[in-house]
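Have a look at the structure below before the remarks.
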Amino acid sequence: MQSGRTDIIMQIQTLLLIIAAAAISLAWVIFQYPGLRKSPKRLYLLLAFCRFTGIMSLLLLLINPKFIKDEFYLVKSKLIVLADDSSSIADSGKKEELTEVIKSISDHPEIEERFDLQHLKFGREVAEMDSLAFDKRTTDIYSALNTIRRTYRDQATAVILLTDGNQTVGSDYEFLNPKENLRIYPVVIGDTTVYEDVRIEQININKYAFLNNRYPVEILVNYQGFTDTRVPLSVSVDGQVNYRADLQFDRQNNSQRLEVLLQAETVGVKLIEVKLGTLQNENNTSNNSKNVAVEVIDEKTEVFIVSDMNHPDLGMLKKSVESNNQRTVRFFKPSIDDHSLLDRADVLILYQPRRTFEKVYEVSKKRGLNIFTITGTDTDWNFLNTIQNSFQKNSFNQDEYVSPILNEGFSAYDISNFSVENFPPLLTTLGDLSIMSPAQVLLEQRIKGVALGDPLLCLMGQRAEREAVLFAEDLWKWRLQWYRNESSFTGFDEFLGKIIFFLATDQTRQRLTVEYDNIYRDASSARIRAAYFDDTYEFDKNASLSLRISGTDNESEREFPLLLKGNYYEADLGGLPAGNFAFTLEIEGSSLRRNGQFTILDFDVEKQYTTADFNKLDRLAGRSGGLSFFPDQVADLIRDLSNNEHYLPTQKSEQNVVSLIDFKILLAIVVLAFSAEWFIRKYNGLI
């Protein structure tokens with residue numbers, strides 16, 4: 001912004017009022033002091049002046065004159081020099097070239113005269129360009145441009161983007177939608193020569209795998225070149241090669257997606273390395289290998305179904321539960337002789353309990369087994385009401401069909417993908433139902449369109465003791481209906497599987513929980529999160545957490561602060577080098593602590609690209625109305641900006657209404673004028 005002239009204008013009406021006020025004041029004085037008309041003496045002149053000043057000041061207070069002040073100034077267009085500060089610029093040997101371009105633009109007199117110049121740099125985030133280190137391990141061009149677009153959305157802005165065009169994180173900048181007032185002028189830094197290259201674009205893998213299962217690893221491989229070529233690929237787990245393949249590429253077939261199934265043979269964190277062979281004339285081989293990790297866990301769940309009757313629900317329960325191959329189902333009669341067999345159960349499903357279940361209930365209570373109770377028309381409610389104290393039902397021995405109502409407020413786990421629409425009713429017995437333990441109702445009962453408010457399916461229990469109850473039979477109809485709706489049993493099996501998982505997860509709630517990855521690709525993504533709960537299991541926002549990290553490859557040790565972020569604490573480990581580390585997390589004033597280990601890989605995503613992406617930057621410039629340039633064309637860039645009428649300075653005005661007088665000062669003048677007049681008259685005996 002450039003200052004200009006200032007014009008002060010008073011309204012004619014106000015000026016006339018001031019003249020009239022002066023005339024009235026003068027007439028009043030002459031009327032009060034008629035001696036002035038005959039022989040004006042010094043004393044009368046002084047008294048008249050005091051009277052005139054007082055009356056005139058009073059009238060000015062009533063008129064309250066104002067000036068209109070117009071300020072004119074020039075507004076220059078914004079020119080932002082946005083420089084890529086990532087390590088890829090240094091690796092390409094072009095940092096001196098980029099610095100020289102900045103100097104040429106900044107020192108040019110036409111640029112300085114016509115634009116409001118600002119210098120910014122970016123890696124993952126935008127910052128002021130006090131200096132350039134070219135050490136950022138990630139590049140987010142989209143975020144940098146979007147920040148400028150939002151900041152200067154109401155001002156004509158030109159962005160000189162100095163970069164190689166290779167973005168490693170964030171949204172694709174090619175699809176940025178610049179506003180009309182934002183034009184982008186990329187200056188392409190780096191070698192634009194296209195070299196033959198093959199690289200691992202991405203590896204997708206689940207965080208966990210189950211013991212003795214096969215887990216998928218999805219690999220995306222891209223080829224850049226013009227000849228037919230064959231590249232070997234290998235997949236290793238903890239240094240041992242488990243898979244080999246030869247990939248065939250040509251100019252049209254330049255991308256391949258592979259899904260490799262690996263066997264989870266032992267428990268623990270497994271380091272998986274995917275490696276490609278090198279091409280004969282390949283310039284960049286740092287993108288030919290990538291490492292990921294998977295944690296193999298043993299989560300086998302044994303589900304025992306206890307029943308002394310035949311019913312379609314029993315076969316459906318076995319099919320549905322065992323749809324997850326980490327779960328196995330066994331059937332038992334309630335009259336089982338060796339009750340020690342129940343020790344192996346993770347979950348007991350008690351189907352329509354009767355008095356013959358008495359021993360099973362005694363064993364389950366003694367051994368703390370979690371139970372899924374399914375009642376129906378053959379349930380002995382007199383026995384069930386006396387053997388447990390979680391729920392009670394005064395059965396009327398009258399059968400009735402009940403339809404489900406999904407409780408949208410259920411929060412024990414996610415049910416957003418489950419719907420009971422068009423589900424057939426289940427068979428139950430009418431009666432007064434009471435829940436005696438803390439419970440979350442998942443489904444409620446409805447009879448002939450009338451909601452009863454009673455639970456149909458609910459989950460009960462706290463910490464280690466958990467229980468689920470379904471107050472109806474014929475659950476097999478729901479699984480069949482789901483298949484009719486979706487042509488698959490998957491959704492219903494997942495619904496039932498979540499109930500089993502809820503019951504099988506019987507660990508006491510921990511007051512201190514820690515979330516972290518076993519392997520981080522680089523330090524910029526390394527985070528450790530923690531949550532701490534007080535004695536009442538409420539999240540404690542005032543806790544003091546300390547995190548000590550030591551290197552297992554050396555004796556280095558550092559402490560990191562954990563910052564409160566909503567409902568968790570987080571430590572940023574961005575300052576750590578590559579290597580293996582162990583950590584200890586402690587709560588000040590408490591004996592609670594958690595230990596763990598993680599690895600930071602020596603991976604620099606900026607090294608995955610060695611050539612500048614001119615075509616992409618040129619398309620970005622075209623979409624915004626700008627032009628793309630090379631470093632040796634800086635003079636053309638300056639000439640284009642200097643002659644572009646879109647960036648002409650704009651004259652603007654700002655109008656301010658300014659009061660002529662200060663109320664307090666004028667009031668003081670009134671008091672002083674009349675006081676002086678009275679004192680002089682008193683002193684000279686005129687009163």
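Close contacts from the range 259-275, counting a first residue that is more than 9 Å from Asn212 (Cα to Cα) and a second that is among the acidic types (Asp, Glu) and surrounded by 16 or more Cβ atoms within 10 Å (Cβ to Cβ), with Cβ to Cβ under 7 Å and a gap of 6+ residues or different chains, come to Val269/Glu295.
All conditions but one from (1) touching a Gly at 6+ places or on another chain (Cβ under 9 Å); (2) modelled with pLDDT under 90; (3) farther than 30 Å from Ser556 by Cβ; (4) crowded, with 17+ Cβ neighbours inside 10 Å apply to Val671; the one that does not is (4). Evaluate the following for Phe332: is it surrounded by fewer than 20 Cβ atoms within 10 Å (Cβ to Cβ), at pLDDT 90 or above and within 20 Å of Glu467 (Cβ to Cβ)? Yes.
Within the range 91-108, the residues that satisfy the criterion of being small (Gly, Ala, Ser) and assigned to a helix (DSSP H, G or I) are Ser104, Ser106.
Residues that are touching a Gly at 6+ places or on another chain (Cβ under 9 Å) and either over 29 Å from Ala504 (Cβ atoms) or at pLDDT 90 or above (or both) within the range 400-438 comprise Ser403, Leu426, Leu427, Thr428, Thr429, listed in sequence order.
Residue-by-condition table, conditions (1) free of Cβ contacts under 8 Å to residues at least 60 places away in the same chain; (2) on the phi > 0 side of the Ramachandran plot; (3) not aliphatic (A, V, I, L, M):
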{"site": "Leu98", "(1), (2), (3)": "no, no, no"}
{"site": "Leu120", "(1), (2), (3)": "yes, no, no"}
{"site": "Glu128", "(1), (2), (3)": "yes, no, yes"}
{"site": "Phe134", "(1), (2), (3)": "yes, yes, yes"}
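Gln202 meets the conditions (1) more than 25 Å from Ser92 (Cβ to Cβ); (2) out of contact with any Pro (no Cβ under 9 Å at 6 or more places or on another chain) in every case but one. The failed one is (1). Is there a residue in the range 516-532 that is in the same structural domain as Leu601 (by TED's automatic domain parsing), free of Cβ contacts under 8 Å to residues at least 24 places away in the same chain and farther than 20 Å from Gly376 by Cα? Yes: one or more hits. Among the residues of the range 567-579, what is the count of those that are part of a strand (DSSP E or B) and either hydrophobic (A, V, I, L, M, F, W, C) or exposed (fewer than 14 other Cβ atoms within 10 Å of the Cβ) (or both)? Result for the range 567-579: 1.
Any residue that is in contact with a Pro (Cβ under 7 Å, 6 or more places away or on another chain) and more than 23 Å from Val605 (Cβ to Cβ) - is there at least one of those in the range 246-257? Within the range 246-257 (the criterion being in contact with a Pro (Cβ under 7 Å, 6 or more places away or on another chain) and more than 23 Å from Val605 (Cβ to Cβ)), the answer is yes, since at least one residue qualifies. Checked against (1) within 30 Å of Leu457 (Cα to Cα); (2) buried (at least 17 other Cβ atoms within 10 Å of the Cβ); (3) among the basic types (Lys, Arg), Arg521 passes all but a single condition, namely (1). Every test in (1) among the small types (Gly, Ala, Ser); (2) touching a Phe, Trp or Tyr at 6+ places or on another chain (Cβ under 7 Å); (3) assigned by TED's automatic domain parsing to the domain that holds Asp84 is passed by Gly596 save one, and that test is (3).
Restricted to the range 271-325, and to residues there that are of a type in the set (Val, Ile, Thr) and under 15 Å from Val221 (Cβ atoms), the residue that is surrounded by the most Cβ atoms within 10 Å (Cβ to Cβ) is Val274.
Filtered by the rule that a residue be of a type in the set (Val, Ile, Thr) and under 10 Å from Thr163 (Cα atoms), the range 84-105 gives a lone residue, Ile89.
Scan the range 210-231 for residues that are touching a residue at least 40 places away in the same chain (Cβ under 8 Å), over 23 Å from Ala293 (Cβ atoms) and in a strand (DSSP E or B) and the total you get is 2. From the residues in the range 600-637 that are in a helix (DSSP H, G or I) and among the hydrophobic types (A, V, I, L, M, F, W, C), which one is surrounded by the fewest Cβ atoms within 10 Å (Cβ to Cβ)? For the range 600-637, the residue satisfying everything is Ala635.
In the range 234-255, the residues that are farther than 18 Å from Arg199 by Cα form Cβ pairs under 8 Å with partners that are of a type outside the set (Asp, Glu) and loosely packed, with under 15 Cβ neighbours inside 10 Å, at six or more places apart or across chains, as follows: Asn242/Gln263. When we screen Leu585, Leu620 for residues that are closer than 30 Å to Lys94 by Cβ, among the aliphatic types (A, V, I, L, M) and under 28 Å from the mean Cα position of the chain (by Cα), the only hit is Leu620.
Among the residues of the range 366-379, is any in a loop (DSSP other than H, G, I, E, B) and either closer than 24 Å to Phe210 by Cα or basic (Lys, Arg) (or both)? Yes - at least one qualifying residue is present in the range 366-379. Looking only at residues of the range 439-460 that are among the hydrophobic types (A, V, I, L, M, F, W, C) and surrounded by fewer than 16 Cβ atoms within 10 Å (Cβ to Cβ), we find that the one that is modelled with the highest pLDDT is Ile447. Residue-level check: of (1) more than 30 Å from the chain's Cα centre (by Cα); (2) part of a loop (DSSP other than H, G, I, E, B), Val241 misses just (2).
Does Lys207 satisfy the condition of being in the same structural domain as Ser86 (by TED's automatic domain parsing), loosely packed, with under 14 Cβ neighbours inside 10 Å and not aliphatic (A, V, I, L, M)? For Lys207, the condition - in the same structural domain as Ser86 (by TED's automatic domain parsing), loosely packed, with under 14 Cβ neighbours inside 10 Å and not aliphatic (A, V, I, L, M) - is not met. In the range 498-517 there is at least one residue that is part of a helix (DSSP H, G or I), under 30 Å from Leu271 (Cα atoms) and among the charged types (D, E, K, R). Within the range 122-201, considering only strands (runs of 3 or more DSSP E) that don't extend past its boundaries, which have at least 1 residues that are within 21 Å of the chain's Cα centre (by Cα), of a type in the set (Gly, Ala, Ser) and closer than 30 Å to Thr650 by Cα? Hits in the range 122-201: 126-128. Return the total of residues in the range 372-420 being more than 20 Å from Met436 (Cβ to Cβ) and within 33 Å of the chain's Cα centre (by Cα). Residues meeting the conditions: 12.
Considering only the range 309-328, I want to know if a residue exists there that is within 38 Å of the chain's Cα centre (by Cα), in a helix (DSSP H, G or I) and at pLDDT 90 or above. Checked the range 309-328: at least one residue is within 38 Å of the chain's Cα centre (by Cα), in a helix (DSSP H, G or I) and at pLDDT 90 or above.
Within the bounds of the range 90-98, is there any residue that is modelled with pLDDT of 85 or more and surrounded by fewer than 16 Cβ atoms within 10 Å (Cβ to Cβ)? Yes, the range 90-98 has at least one match.
In the condition set (1) within 27 Å of the chain's Cα centre (by Cα); (2) within 17 Å of Asp553 (Cα to Cα); (3) at pLDDT 90 or above, Gly596 is compliant with all but (3).
I want to confirm something. Restricting to the range 480-518 and keeping residues that are surrounded by 16 or more Cβ atoms within 10 Å (Cβ to Cβ) and polar (S, T, N, Q), which single residue is modelled with the lowest pLDDT? Here the residue is Asn518. Against the criterion of being closer than 30 Å to Thr168 by Cβ and at pLDDT 75 or above, Ser57 does not qualify.
The values are calculated or read from the model by the stated rules, or taken from the named source; none is laboratory data. Bear in mind the structure is a predicted one, so any value in this text is a computation, not a measurement. Here Cβ is always computed from backbone atoms with ideal geometry, including for glycine, and neighbour counts include all displayed protein chains.
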